[in-house]
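Below is one structure, written out as structure tokens, with a few remarks after it.
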Protein chains: 2
Amino acid sequence: MFSGLSAFPLTPLDDDTVDEHAFAGLIERLVDAGVDSVTALGSTGSGAYLSRSERALVARRAILTAGTTPVFVGISALRTTHVLEHAEDAQDAGARGLMLAPVSYQPLTPDDVYRLFETVAGQSDVPVIVYDNPTTTRFSFDDDLYAAVGALPGIASLKIPGVPVGAEAARARIDRLRALLPAHVTIGVSGDAHAAAGLNAGCDAWYSVIAGTLPASAVALARAGFSGDTEEARRLSSELQPLWEAFSQHGSLRVIAAIAEHLGLVHPRSLPLPILGLDDAARARLHAVLADLGLGGPDTGTER
Amino acid sequence: MFSGLSAFPLTPLDDDTVDEHAFAGLIERLVDAGVDSVTALGSTGSGAYLSRSERALVARRAILTAGTTPVFVGISALRTTHVLEHAEDAQDAGARGLMLAPVSYQPLTPDDVYRLFETVAGQSDVPVIVYDNPTTTRFSFDDDLYAAVGALPGIASLKIPGVPVGAEAARARIDRLRALLPAHVTIGVSGDAHAAAGLNAGCDAWYSVIAGTLPASAVALARAGFSGDTEEARRLSSELQPLWEAFSQHGSLRVIAAIAEHLGLVHPRSLPLPILGLDDAARARLHAVLADLGLGGPDTGTER
């Protein structure tokens with residue numbers, strides 16, 4: 001279950017309130033496109049910005065809408081108590097997995113992070129995805145900690161923030177991680193620009209931002225990558241290079257929200273303030289990129 | 001009011017619950033030592049880790065206990081809506097000022113931050129302290145943004161994360177900031193290791209971690225610095241150098257919590273999990289430093 005393409009939908013807001021209708025529409029779009037799982041309330045799902053009740057609502061709505069497609073739910077929070085509350089709510093809603101990043105306000109030590117995962121995995125009835133994202137957490141795992149956390153009962157998958165540049169280095173890194181982790185712990189790549197390289201290097205999963213809003217493009221890339229068609233995966237990733245550059249420049253959340261707004265999937269100003277989102281000039285450039293890529297617009301309402 | 005020594009107390013927990021009794025004891029200690037103001041729920045007050053109701057409770061308790069000593073309250077949160085909720089609660093409790101840092105999960109743009117301060121200052125009845133702390137917010141103000149935010153109605157003070165090394169460079173920096181800001185906006189130094197340099201360079205305020213737990217030491221340094229006795233301020237700061245080094249190594253929160261625990265001011269394990277606090281070896285080294293400095297211990301229950 002913790003392999004294949006996992007799509008990370010936005011949690012769109014409308015006038016600062018969770019837009020349940022638009023959110024359900026995003027989930028339906030993902031299921032229709034054939035993603036392998038949905039991960040709600042990740043960074044792309046603005047989990048960090050939402051209240052406990054909003055997060056519980058989003059988890060329930062995702063699971064109700066996704067039908068037989070498994071839904072994983074992000075439970076990260078600064079305080080362990082709040083992580084456990086989110087875990088409880090997600091499990092009550094029917095989550096098939098919990099995703100946890102060691103987000104921080106005060107920088108965390110490896111001991112802090114180990115104990116956090118030990119506590120949460122130990123108190124949860126569904127498996128936990130370890131989410132390593134140094135950019136948002138300001139915490140970097142080392143290999144010893146990967147091994148220690150990966151060995152905890154209840155850990156199902158490791159979401160890594162990319163792979164080294166170069167096919168050989170990427171493959172060596174994934175092989176090394178695999179040697180560190182129990183066989184049942186899958187390795188999933190994130191950072192969509194790294195996806196083709198990660199899949200070509202043998203990752204089991206792609207935890208994907210773009211799949212949450214442009215699922216057909218992601219499914220095509222994932223099928224190539226998971227089937228071993230490394231050339232096709234690389235080619236499809238190269239086609240999307242203008243999007244990866246926009247992600248790098250503005251952050252993937254602002255870009256993917258602007259795409260969803262442009263496609264009419266969500267209301268304008270769908271992000272939680274203080275995040276204003278892309279300015280008009282950046283949106284115009286992005287719309288031109290989407291048109292070039294044949295990725296549709298509000299008239300079509302479709303990805304292609 | 002937004003000048004002099006502002007002390008930042010811990011918000012101690014006991015078994016993961018706000019320890020109101022210990023917190024009130026900390027506030028009494030600050031008032032007795034003669035600090036000029038108290039700032040609750042800053043980084044040192046673990047504001048980021050607490051729920052809305054816990055934060056409201058802490059604000060009320062601080063203000064009730066502090067008597068005529070002005071209390072400022074940290075209102076930072078990732079989402080503007082939540083900042084406004086904290087601002088409302090703090091004002092209802094009787095806060096004399098609100099402290100706001102542009103904390104982030106997704107990195108913020110200067111426009112995001114400007115609008116955040118515009119919104120919050122525009123909707124608040126008490127003045128706002130702009131809290132610039134790139135380490136915890138991952139956002140760095142530039143001088144244009146200082147000037148723009150400083151000019152907003154309702155902004156009272158700028159809390160800067162230190163001053164450049166060297167007396168001339170520090171003085172030049174404060175002079176430059178003063179030229180950027182309206183005359184009524186005070187400039188306060190933070191980062192306790194920089195305090196003497198900041199006061200000697202002409203800062204109006206010291207926003208102080210150490211004053212929240214070792215107020216007598218901070219009051220002595222502040223009196224020297226604010227009265228223009230630069231040599232004495234430097235000497236007193238040098239005496240505390242072993243503490244500044246511990247702050248740098250472990251983060252000031254872990255160190256100051258360990259000191260408060262050692263002095264018996266708060267219960268053991270007073271920090272919110274996942275922050276475990278200093279390990280035994282680091283605590284032993286810290287206790288030796290405190291003994292060397294004559295800063296007391298659990299037997300005396302006093303600072304000196």
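The values are calculated or read from the model by the stated rules, or taken from the named source; none is laboratory data. In this text, all values refer to a predicted model and were calculated from it rather than measured experimentally. Ideal geometry is used to build each Cβ from the backbone, glycine not excepted, and the neighbour counts take in all protein chains shown. Side chains included, ligands, DNA and RNA excluded: accessible areas come from the protein's heavy atoms. Shrake-Rupley method; radii C 1.70, N 1.55, O 1.52, S 1.80 Å.
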(request) Output, in nm with one decimal and in ascending order, the distances from the A:Thr135 label point to the matching label points of the other copies (7 Å from Cα along Cα-to-Cβ). (result) 2.5
(message) Checking buried surface per residue: for segment B:34-58, which residues lose a minimum of 10 Å² accessible area in the protein assembly relative to the chain alone (1.4 Å probe)?
(response) B:Ser43, B:Ala48, B:Tyr49, B:Ser51, B:Glu54
(request) Express the carbon and sulfur contribution to the solvent-accessible surface of segment B:4-228 as a percent, rounded to the nearest whole number, probe 1.4 angstrom. (result) 50 percent
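In peptide A:79-85, what is the residue-averaged number of other protein chain Cβ atoms found within 10 Å of each Cβ? If you can, show how the numbers build up before the last one.
On the way: counts 11, 6, 8, 4, 2, 1, 1.
Neighbouring Cβ atoms belonging to other protein chains average 5 per residue here.
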(message) Suppose all protein chains stay in the model; what accessible area per residue would a 1.4 Å probe give for segment A:4-229, in Å²?
(response) 34 Å²
(message) If a paramagnetic tag sat 7 Å from the Cα of A:Ala183 along the Cα-Cβ line, which residues of segment A:123-141 would have the backbone N under 17 Å from that point?
(response) none
(request) Compare each residue of segment B:92-119 in its chain alone against the assembly with all protein chains, and report those whose accessible area goes down by 50 Å² or more; 1.4 Å probe, heavy atoms. (result) B:Tyr105, B:Gln106, B:Asp112
(message) Please compute the contact order of chain A in relative form: average sequence separation of alpha-carbon pairs under 8 Å and at least six residues apart, divided by the residue count, as a percent.
(response) 19 percent
(message) Can you give the FRET efficiency to the nearest 0.05 for A:Ser53 and B:Glu231, using r as the Cβ-Cβ distance and R₀ = 41 Å?
(response) 0.15
(request) Report, by chain and number, residues whose modeled amide H sits under 5 Å from the one on A:Thr39, excluding near sequence neighbours (fewer than 5 apart, same chain). (result) A:Ala7, A:Phe8, A:Phe72
(message) Probe radius 1.4 Å, ligands and nucleic acids left out: can you give me the accessible area buried at the B-A interface, summed over both chains, in Å² to the nearest hundred?
(response) 3300 Å²
(message) Just to check I understand the Karplus step: with θ = phi - 60° and J = 6.51 cos²θ - 1.76 cosθ + 1.60, what whole-Hz values come out for segment B:82-95, glycine and proline as x?
(response) 6, 4, 5, 5, 5, 4, 4, 5, 5, 5, 4, 6, x, 4
(request) Please work out the C-alpha center-to-center distance from segment A:96-128 to segment B:61-91 and express it in whole Å. (result) 30 Å
(message) Semi-axes of the equivalent ellipsoid for the protein assembly as shown, please: Cα gyration tensor eigenvalues, times 5, square-rooted, ordered largest first, whole Å.
(response) 44, 27, 22
(message) Which residue in chain B puts its Cβ closest to the axis that rotates chain B onto chain A, and at what distance in whole Å?
(response) B:Arg138, 4
(request) Go ahead and run the numbers for FRET between B:Asp32 and A:Ala291, Cβ-Cβ distance against an R0 of 60 Å, rounding to 0.05. (result) 0.30
